């Protein structure tokens with residue numbers, strides 16, 4: 001398997017582990033001394049700015065995250081990937097529901113990965129940029145979740161995702177912002 005395919009596979013494993021609350025999948029993704037940095041540009045969601053160590057990262061991104069949210073779909077846009085040796089960046093879009101309120105959240109941003117140079121292909125650093133996280137009434141659940149479920153998961157083509165986006169006013173701004181960046 002080529003290095004590029006191996007890195008894509010690791011990112012896919014991360015998304016499946018995070019979204020599906022499967023910490024055992026994340027154990028293969030992060031090196032023991034990995035560092036997670038979170039740059040959150042929205043008041044609608046919060047994370048610690050930095051988390052050190054695989055166990056703490058897994059707890060933060062899977063176990064704790066899944067206590068608050070369900071129906072999580074994270075899509076990485078394959079057509080936004082940039083790669084240089086062991087560095088890989090891509091745009092992402094996420095949709096999910098709050099377990100407490102059933103409100104729908106839709107957010108987007110960037111992943112910036114740095115992988116080990118050895119054969120383990122584990123991440124030694126992940127920076128997650130959350131550019132925006134919208135909170136929508138629970139009535140939108142019946143439109144948002146089927147839309148995300150219809151997309152190729154976890155890797156998708158941005159134009160396919162955007163073309164299937166439901167016609168909801170608040171999402172039109174998301175589509176415009178993503179289309180400009182992609």
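Read-outs throughout are calculated quantities, based only on the coordinates presented, and are distinct from any laboratory measurement. Quantities reported herein were computed from a predicted structural model and do not represent experimental measurements. Positions of Cβ are backbone-derived with ideal geometry, glycine not excepted, and every protein chain shown enters the neighbour counts.
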For the chain, longest principal axis from Cα atoms; helix 3-19 axis from its Cα atoms; angle between them, nearest 10 degrees, is 50 degrees
Length gained if residue 56 through residue 167 is fully extended, taking 0.36 nm per residue and subtracting the Cα-Cα distance, is 36.1 nm
Would you please state which residues of the range 52-79 a label at residue 157 would reach in this model, taking the label point 7 Å out along Cα→Cβ and a backbone N cut-off of under 20 Å? 74-79
Write down the percent of antiparallel bridges among all DSSP beta bridges whose residues are both part of the chain, to the nearest 5. 80 percent
Pseudo-spin-label distance residue 44 to residue 63, built 7 Å along Cα→Cβ, given in nm, is 2.9 nm
Any idea how far the Cα center of the range 128-161 sits from the one of the range 28-89, in Å? 17 Å
Relative contact order, percent, of the range 3-181 when contacts are C-alpha pairs under 8 Å separated by at least 6 residues? 22 percent
If a paramagnetic tag sat 7 Å from the Cα of residue 175 along the Cα-Cβ line, which residues of the range 133-161 would have the backbone N under 13 Å from that point? 159-161
What helix-only [θ] at 222 nm does the chain give? Using -39500 (n - 2.57) per DSSP H run of at least 4, over all residues, to the nearest 500, the answer is -9000 deg cm²/dmol
